[in-house]
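The block underneath contains the structure these notes are about, expressed in structure tokens.
Quick note: the coordinates plus some simple rules give every number you see, no bench work behind them. Just so you know, these numbers come straight off a predicted model, no measurement behind them. Here the Cβ positions follow ideal geometry from the backbone for every residue, glycine too, while neighbour counts run over all protein chains shown.
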Amino acid sequence: MSAKGFGQPRSTKTDKLVEQAVRYCQKRNPEALDQIFDNLSVNLNKQVVAGCLTAFCDDTDICSWLCGYFAGEINCAEDNNKPCHPIIELSRTLIEAGMEPFSDFMPYPGCRIVILNADKFEALPAEIRNTVQQAFDVMENSNEHLQQVNDALLQELVVTVKE
């Protein structure tokens, strides 16, 4: 049992998971992140992601790498050595332009990004919007269509355990 000292708060399970995830992001270790995120509840995953984003709020490089990880661009450590990472670069561009990951845009499985705040995206300088539109297929979808796509992906990701 480690003593924190009188009046010092104890680390919670979530705090410890965030600390681990932050270290793994800094080391660019997707396999270790998989061990964390694959074994947590959705709610706890959200808390760990939020903790990581808070830790990296001033580090665009790690934050954009994390977006690439969640979009499926980085699946193993060897992927870090690939010369081209379009999702990471797009994330970096959006973050540097003032958009917040997981709030204004969301990395999405299948090497995609979903713009959640269309108004903020439209307010970006024209050269940034043009760069995004030239480098990526930009599709406009209704919230209902996005929900259908999300539900379909969720069904593919759900693992049924037989007893």
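At 7 Å along the Cα-to-beta-carbon direction for both K27 and R10, put a label point, then send me their distance in nm to one decimal.
2.7 nm
Whole-Hz ³J(HN,Hα) for each residue in segment 29-44, computed from phi via Karplus 6.51 cos²θ - 1.76 cosθ + 1.60 with θ = phi - 60°, x for glycine and proline: what do you get?
10, x, 5, 5, 5, 4, 4, 6, 6, 6, 10, 10, 5, 4, 5, 5
Can you give me the distance in nm between label points at D59 and V114, each placed 7 Å from the Cα along the Cα-to-Cβ direction?
That separation, rounded to one decimal, is 2.8 nm.
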